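The structure under discussion appears below in the form of structure tokens.
The values are calculated or read from the model by the stated rules, or taken from the named source; none is laboratory data. Not measured: the values here are computed from a predicted model. Virtual Cβ from ideal backbone geometry, glycine too; neighbours counted across all protein chains shown. Just the protein is used for accessible areas: all its heavy atoms, side chains included, with ligands, DNA and RNA removed. Shrake-Rupley method; radii C 1.70, N 1.55, O 1.52, S 1.80 Å.
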Amino acid sequence: IFKAFLSTFLSDIFILYLLSDTMNLESILSVFAASVVELWLGIPLGLVMEINPVLIIIFSATGAILSAIAITILGENLRARLVKWKYGDETALKETRMYNLWNKYGIIGLGLLSPLIFGAPLGAAVGIALGAEKKGLILWMSIGIIIWSIALTVAGSMGLLALESMVK
């Protein structure tokens, strides 16, 4: 019981420390909402608002993961209609360049690269259109989103620090 209490107490103190360093709840929710639309939008917004980089990572990743999950769940029902409308049938889809790239890099490549290249919502839509398994797509998209959230926030923070030191 003491271990659980201590763990909860320490995590609450850590969260309060992070929140005390930030502007307000609206700024954090703005980063979250912007990241639902596009990860590339949420991270710079958080940096401009001078939110703690740890919170930028947490809320931008959470927003992007939520959008990828929503697209994955909703998009599966639309896949059959899209393939029929655009390609006529599965065999025509399998002859496209995108499908050849899909066969080469698979769900792991899509999940790791699409948050950076396409954005999370579009990457999830591409995965669903190409017939990816839902659980695997969500897992690899989440891993890619977390990696890129960390990398882009660290790069942005370091860039701002370097710019501030050059100006002073």
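Can you give me the number of residues within the range 35-70 that are of a type in the set (Phe, Trp, Tyr) and within 15 Å of LEU25 (Cβ to Cβ)?
Final tally of qualifying residues: 1.
Only residues that are assigned to a loop (DSSP other than H, G, I, E, B) and more than 21 Å from ALA68 (Cα to Cα): list them for the range 32-58, please.
Once the filter is applied, which keeps residues that are assigned to a loop (DSSP other than H, G, I, E, B) and more than 21 Å from ALA68 (Cα to Cα), the range 32-58 yields MET49, GLU50, ILE51, ASN52.
If you check LEU39 against the conditions, is it at pLDDT below 90, buried (at least 20 other Cβ atoms within 10 Å of the Cβ), closer than 27 Å to MET158 by Cα and touching a Phe, Trp or Tyr at 6+ places or on another chain (Cβ under 9 Å)?
So LEU39 fits the description; yes.
Could you list, ordered by first residue, the pairs with Cβ atoms under 7 Å in which the first is in the range 114-138 and within 16 Å of SER149 (Cα to Cα) and at pLDDT below 85 and the second is small (Gly, Ala, Ser) and surrounded by 22 or more Cβ atoms within 10 Å (Cβ to Cβ), at least 6 apart or interchain?
From the range 114-138, no pairs qualify.
Going through the range 122-168 one residue at a time, which ones are among the polar types (S, T, N, Q) and over 13 Å from the mean Cα position of the chain (by Cα)?
Correct list: SER157, SER165.
Can you find, within the range 109-168, the residue that is farthest from LEU47 (Cα to Cα) among those that are open to solvent by 40 Å² or more (accessible area, probe 1.4 Å), not in a helix (DSSP H, G or I) and not acidic (Asp, Glu)?
GLY131
If the Cβ limit is 8 Å and pairs must be 6+ apart or interchain, which residue in the range 27-41 that is among the aromatic types (Phe, Trp, Tyr) pairs with which residue that is assigned to a helix (DSSP H, G or I)?
Cβ pairs passing all conditions: PHE32/GLY42; PHE32/PHE59; PHE32/SER60; PHE32/THR62; PHE32/GLY63; TRP40/LEU152.
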